[in-house]
Structure formats: structure tokens, C-alpha cells
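Just so it is clear, none of the values below were taken in a lab; they were calculated from the coordinates. The shown structure was predicted, so the numbers you read here are calculated from the model rather than taken from an experiment. Neighbour counts run over all protein chains shown; Cβ positions are idealised from the backbone, glycine included.
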Amino acid sequence: MADVVKLYGVAGSPFVCRVKIALNLKEIKHEFVVEDLSNKSADLIKYNPVHKKVPVLVHNGNPISESLVIIEYIDEAWKGVPILPQNAYEKAKARFWAKFIDDKCQPALFKAIASHGQEEAVAEVHEQLQFLENELEGKKFFGGDNINLVDISATFIAYWVGAAEEALGIKILIKDKFPKLIEWSDNYVNCQVVKDGLPPRETPVAFFKKRFGKA
Amino acid sequence: MMNDEEVILVNFWSSPFGCRVKIAMEEKGIPYKYIEEDLFNKSSFLSAINPVHKKVPVLVHNHKPICESLNILEYVDEIWSDRSPRFLASDPHQRAQARFWANFIDRELYEASQKIYIGKGEEQVVGKNEVLRILKLVEGELGDKPFFGGDNLGLVDITLVPFYSRFYTWETFGKFSIEEECPGLMAWAKRCMQKESVAKSLPDPLKIYNFILELNKYYYKK
């Protein structure tokens with residue numbers, strides 16, 4: 001029986017993109033079901049009754065929610081390019097950084113963007129990003145020579161932050177402070193599996209202009 | 001492979017997150033050294049093993065620190081996979097479901113519960129409603145099973161059950177009864193408490209309550 005894989009999402013969501021990139025890495029054929037978040041489908045509510053959010057992956061009728069949970073599922077259900085390290089300790093470290101990005105970096109980045117680069121908010125973000133900058137020491141990607149869970153978790157930093165900076169005329173990823181993160185971003189978005197999963201640049205730029213732009 | 005050369009757990013007695021790790025170690029029967037950290041006067045050791053968050057629990061296995069309680073649970077399950085019970089099933093979909101619920105509890109329950117005993121007035125009611133919403137959803141997921149892990153404690157059981165020590169505090173501050181609102185979940189908690197690993201690891205509910213009273217007075221200045 002052939003696998004039936006559906007990804008419920010919206011094109012502009014960085015969380016959905018994480019999953020798309022993971023699916024691309026494993027070369028998993030899938031159908032992308034576009035959700036209208038202002039009018040959620042019965043399917044979405046059925047498959048993710050707790051949060052009613054995207055992304056949701058449905059594999060042979062079985063739903064999985066939460067982007068990082070979905071990525072671990074993809075890594076375990078399909079062979080091919082590994083997304084998490086094999087070694088238990090390295091795996092624990094990768095999960096640690098993915099959670100750090102989700103729990104600390106992303107909310108701080110959102111705050112800095114929403115406040116139009118307000119000094120205190122940017123200082124807070126810089127504190128978090130410094131840990132990631134240090135973690136990249138001697139590495140091309142967080143995963144070493146190849147991208148892994150941590151790189152995929154940081155997709156927002158690689159692509160959305162630049163779009164927000166352009167949309168709002170602010171600067172968060174300063175070259176002097178974060179040379180490795182900036183180099184990593186360039187390398188990351190140029191990976192084919194990543195390129196194929198990202199929306200066109202205009203999409204996040206337009207989103208930030210609309211959501212946070214000055215009238 | 002010598003898996004159990006040196007295992008240290010750095011914790012604070014009242015932490016529900018550290019309690020998860022204690023239960024896991026007891027369930028697997030893994031000997032370890034326990035270090036109590038004073039969270040009000042953090043040691044340089046804690047900064048060295050958890051430089052990003054400076055939080056407990058941290059498991060140090062053969063000089064390698066693992067931080068974040070759910071991470072530690074998965075690490076313990078994998079390293080000591082030869083010891084039962086397994087906290088996660090082998091089927092990827094079941095594993096994903098367990099991780100979903102464990103993450104849900106981990107992300108939302110503690111913060112919501114703090115509103116009950118730190119917050120005032122309206123915020124307390126909001127906290128109570130959020131806690132009940134979470135507990136009812138989780139109770140629904142349990143259904144008729146004896147444990148979330150089936151016949152044994154699994155990832156979700158170990159993630160949730162430490163909060164049982166705090167039920168008395170939440171009920172007293174929030175003026176509600178979890179037994180009334182979530183009878184299925186209370187029955188599950190009592191089943192868990194019959195296991196030695198849980199009974200040994202959970203702090204006494206009255207001790208927690210008094211500790212929170214002290215915290216409110218001196219730390220949160222409520």
C-alpha cells in the first residue's frame with residue numbers, strides 16, 4: 001500500500017516550512033492542503049482538536065501536530081537522510097537547541113520585530129542569539145557539515161528575520177555581532193531542500209508590512 | 001558499554017520537573033548521586049552544566065550534562081533501553097502522540113498553575129480555568145487506560161504525575177476540587193502513587209503548600 005501523506009498548512013508559516021523542509025530532506029511525496037486560518041476546515045479541527053493550528057501532518061490517516069514533534073516523527077517513520085543525530089547525547093543536545101529556539105529565540109524575535117526594533121527588545125534578542133552564535137563555532141551548520149533538526153528549527157532566523165528587517169527598516173542580525181549566524185543563514189537558505197520549502201521572499205515581507213508596518 | 005559509571009542528578013526538592021527524572025531513574029532502577037541545588041543562591045557548578053538556563057534538573061552522565069526534563073527522560077529511555085519499562089513505544093505514531101501530550105503539559109500546566117497561587121482575583125480564576133482545561137483534555141486522552149503508557153508508566157505519566165503534589169495547593173488557593181472536576185484523572189494519580197517509584201519521588205503536598213506560602217510572603221511579596 002502506498003503511503004498517503006498530507007501536510008495541512010499555510011504557505012507563509014515558518015512552522016509549516018520546517019515540516020516542508022524535513023519532508024524534502026527525506027524526499028517524501030506529499031499533498032499540501034492549504035488552510036484558511038480565518039475559516040478553519042473541519043479536517044484541521046478533527047486532526048488537531050487541542051490547538052486547531054497548522055502544521056498538521058496526516059500519514060495514512062494518522063495525524064501528528066506540533067512542528068518539532070512532526071519532524072521527529074518524519075525522522076523515525078522514514079529512512080534516508082537523518083534529521084536527528086544517532087548518538088543519544090548528541091540527540092539530547094539537538095533537542096535542547098531546538099527547544100531553546102522555540103521557547104526563547106522566536107518569542108524574543110517576535111517582540112523585537114513587533115516593537116519595531118525597540119532597544120530593550122533587541123538587547124534581549126541579542127542575548128539569546130549569542131548562544132546560537134557560539135554554538136556555530138567551527139561549524140557550517142548546527143548539524144555540522146549537513147543540516148539537522150536545529151538548523152530546521154531556526155528557519156525563522158535564517159529567512160523571516162531578514163524579511164522583517166526589510167519590511168520595517170530595522171536591524172536585528174547585526175553583522176559585527178553575529179557574523180557566524182549571518183553566514184549560516186546564507187548557507188542554509190541556499191540548500192536545495194530548504195529553497196524548495198520556503199515561500200517567495202515577498203510573502204513574509206508583505207506579512208510584516210501588513211502586520212507591523214506604520215500606517 | 002558501561003552505561004552507569006557516574007550518574008548525577010542536580011535538582012531542587014520542590015521542582016516537578018526534577019521529580020520526573022527521579023521517577024524515571026527509580027523506574028529503571030538506575031543508581032545515581034543526588035545533588036540539591038539552592039535555587040536562591042545558584043552554584044557555579046550549575047552555571048557550568050547549564051550555562052544557557054541555569055535551571056534544574058540537569059542529569060550529568062559520565063561528565064556529560066543533559067538539560068530539560070523531557071530531554072532527560074528520552075535520553076534515559078534510550079541509554080538504558082535494556083531496562084524496562086520503556087517510556088516510549090517503538091511505533092513512531094505512538095511516540096509522536098506521547099511527545100505531543102508531554103510537550104502540551106510541559107508548556108502550559110506549570111505557568112497556568114502559577115496564576116492560581118501567585119495571581120490575585122481575576123487572574124486566579126483565569127489560572128484555575130486554564131488548569132482545568134488542560135487536566136480535562138489530558139483526562140480525555142487517558143480514557144480507559146490504566147496509564148497513558150498502557151500497562152506501565154510512560155512518558156506522559158512521568159511528565160504529569162509530579163503535579164499531583166501540587167493539587168492540594170491549587171485546590172486550596174483556587175477553591176475547587178480536582179476530584180470533582182476530573183475523577184478519572186484522580187483515579188489515575190492514585191494508581192500512580194501505588195508505584196514505589198512515584199511514591200518515593202513525589203514531595204509531600206503539605207510541604208509544597210507551606211513552601212509556596214513562604215515564597216508568596218518573601219519572594220513574590222504577595
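Comparing Cα centroids, segment B:130-167 and segment A:13-45 end up 29 angstrom apart. Pairs of Cα atoms nearer than 8 Å and 6+ residues apart set the relative contact order; for chain B it is 20 percent. Legend: mean number of C-beta atoms from other chains within 10 angstrom of residue C-beta atoms, peptide A:57-68, equals 3. Each peptide in A:27-34, B:182-189 receives the mean, over its residues, of other Cβ atoms within 10 Å, and ordering these scores from highest gives B:182-189, A:27-34. Near B:SER15, once Lys and Arg are set to +1 and Asp and Glu to -1 for all other residues with Cβ below 15 Å from its Cβ, the sum equals 0. Taking other residues whose beta carbon is less than 13 angstrom from the beta carbon of B:ASN129, and scoring Lys, Arg as +1 and Asp, Glu as -1, yields 0. Only helices enter this figure: runs of n ≥ 4 DSSP H residues, each worth -39500 (n - 2.57), summed and divided by the residues of chain A, yield -14500 deg cm²/dmol at 222 nm to the nearest 500.
Whole number please: convex hull volume per residue of the Cα set in chain B, in Å³? Present the calculation step by step, with values, prior to reporting the outcome.
On the way: hull volume 27.2 nm³, N = 222.
Convex hull of Cα atoms, per residue: 123 Å³.
Electrostatic tally near A:ALA2: other residues with Cβ closer than 14 Å to its Cβ, Lys and Arg +1, Asp and Glu -1, net 0.
Using every pair of separate Cα atoms, the Kirkwood estimate puts the hydrodynamic radius of chain A at 17.9 angstrom. Shielding by partners for peptide A:70-77, expressed as the average number of C-beta atoms from other protein chains within 10 Å of each residue's C-beta, is 4.
The calculated pair-distance distribution of the protein assembly as shown uses every alpha carbon pair, bins of 20 angstrom beginning at 0, and gives 23, 57, 19, 0 percent.
In summary, the aspartates and glutamates within cross-link reach of A:LYS104, defined as a Cα separation below 13 angstrom excluding same-chain residues under 8 places away, comprise A:GLU124, A:GLU127.
The lysines whose alpha-carbon is closer than 28 Å to the alpha-carbon of B:LYS28, local same-chain residues fewer than 8 away aside, are A:LYS91, A:LYS93, A:LYS99, B:LYS54, B:LYS55, B:LYS64, B:LYS145, B:LYS190, B:LYS195, B:LYS200, B:LYS207.
Peptide B:98-110 shows a mean partner chain C-beta count of 3 within 10 Å per residue C-beta. Distance from the Cα centroid of segment A:173-215 to that of segment B:62-119 is 32 Å (rounded to whole angstrom). Each listed q (0.15, 0.19 Å⁻¹) maps to a log10 I(q)/I(0) for segment A:1-92 from the Debye sum over equal C-alpha point scatterers, namely -0.56, -0.85. Among A:ALA163, A:ALA92, A:ALA22, whose mean-square fluctuation peaks in a Gaussian network model of chain A (Cα, cutoff 10 Å)? Looking only at A:ALA163, A:ALA92, A:ALA22, the biggest GNM fluctuation is shown by A:ALA92.
Considering only DSSP states other than H, G, I, E and B, which GluC sites (Glu not before Pro) in segment A:110-142 qualify as loop sites with at most 11 other Cβ atoms within 10 Å?
A:GLU137
Taking the alpha-carbon distance from A:LYS6 and a cut-off under 22 Å, which lysines remain once sequence neighbours fewer than 8 residues away in the same chain are dropped? By straight Cα distance, A:LYS6 reaches A:LYS20, A:LYS26, A:LYS29, A:LYS40, A:LYS46, A:LYS52, A:LYS53, A:LYS79, A:LYS195.
Evaluating 6.51 cos²θ - 1.76 cosθ + 1.60 at θ = phi - 60° for every residue in segment B:95-101, the Karplus couplings come out as 4, 5, 4, 4, 5, 4, 5 Hz, glycine and proline recorded as x.
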